[in-house]
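Here is the structure we will look at.
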Amino acid sequence: KAGVTQTPRYLIKTRGQQVTLSCSPISGHRSVSWYQQTPGQGLQFLFEYFSETQRNKGNFPGRFSGRQFSNSRSEMNVSTLELGDSALYLCASRTGEGTETQYFGPGTRLLVL
Amino acid sequence: AQSVTQLDSQVPVFEEAPVELRCNYSSSVSVYLFWYVQYPNQGLQLLLKYLSGSTLVKGINGFEAEFNKSQTSFHLRKPSVHISDTAEYFCAVQRGQGGSEKLVFGKGTKLTVNP
């Protein structure tokens, strides 16, 4: 099976812009979670989508949003970018039932100038 | 709420030496525990996980970890490391209810294996 894919891999934006990141889960996986990784804060949970519904949410401002499509692909959007949003954004997929392993993609590295 | 403390931010070792990466967690409910590895410019790869049963868990690449409930620890060990084990290692905890629970990660330990 193909792994989790994320596009784009690298992105440079300027403050105030918005950005959309995409994640394609492993075939058959219905759950997609998003995490932000920064040197200062480490890995922090953003949100999880399961069958097109947000099932869990972390402690991030409303500028961070997401959605999931019927094919389980997910997008996350960050509006009004701030310098502090520079990070590696990782998505992880799993079947969504029980405590099975989360499989991570390679991430999208976002740089905000 | 759950939290994870990785006691060492950096661990340098020589090739073929043993290594232990320490992880302590805090939770008022039962938890599941995980170790992930991140190589440069890559995502996270699962090394091993503890859900229940035997407290000694074996994972990939010769790593193992022991769950100690009384000490709330889940230390990762390898008897003999290789240069290729150089990476960042993350301990994570998930509330033991299944389903939608998120992973809570420690800050990570950078393992550097020197020749």
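The values are calculated or read from the model by the stated rules, or taken from the named source; none is laboratory data. A quick note: this is a predicted structure, and the numbers were derived from the prediction, not measured. Note: ideal-geometry Cβ built from the backbone for every residue, glycine included; neighbour counts use all protein chains shown. To get the accessible areas, we keep the full protein, side chains included, count just its heavy atoms, and leave off ligands, DNA and RNA. Shrake-Rupley method; radii C 1.70, N 1.55, O 1.52, S 1.80 Å.
Take the Cα of B:Ser3, step 7 Å toward its Cβ, do the same at B:Ala17, and the gap between the two points is 3.1 nm.
Between B:Gly108 and B:Gln6, B:Cys91, the built amide H atoms are under 5 Å apart, and every one of these is 5 or more places off in sequence or on another chain. In order along the stretch A:26-37, the phi-based Karplus estimate (6.51 cos²θ - 1.76 cosθ + 1.60, θ = phi - 60°) of 3J(HN,Hα) comes to 5, 4, x, 7, 9, 10, 10, 10, 10, 10, 10, 10 Hz; Gly and Pro are listed as x. For the stretch B:61-108, the C-alpha radius of gyration divided by 2.2 N^0.38 Å, with N the number of residues, is 1.38. Choose one answer from B:Gln45, B:Gln71, B:Gln94: the residue with the largest mean-square fluctuation in a GNM of chain B with alpha-carbon springs under 10 Å. Maximum among the listed residues: B:Gln71. When chain A is treated as a GNM with alpha-carbon contacts under 10 Å, the residue of A:Gln17, A:Gln54, A:Gln37 showing the greatest mean-square fluctuation is A:Gln17. Stokes-Einstein, applied to the Kirkwood radius of the stretch B:1-49 over Cα pairs at a viscosity of 1.306 mPa s and 10 °C, places its translational diffusion at 121 µm² s⁻¹.
Beta bridges per DSSP, both residues in the protein assembly as shown: antiparallel share near 90 percent.
For A:Asn77 and B:Ser52, the FRET efficiency from 1/(1 + (r/R0)^6), where r spans their Cβ atoms and R0 equals 41 Å, is about 0.60. Semi-axis lengths, largest first, of the ellipsoid equivalent to the protein assembly as shown are 29, 21, 16 Å, with √(5λ) applied to each eigenvalue of the Cα gyration tensor. Size of chain B: Rg and Dmax of its alpha carbons, in Å, are 13.6, 43. For the stretch A:18-113, the extents of the C-alpha atoms along the principal axes are 38, 23, 22 Å, listed from largest to smallest.
Per residue, the accessible area of the protein assembly as shown comes to 47 Å² when a 1.4 Å probe rolls over the protein heavy atoms.
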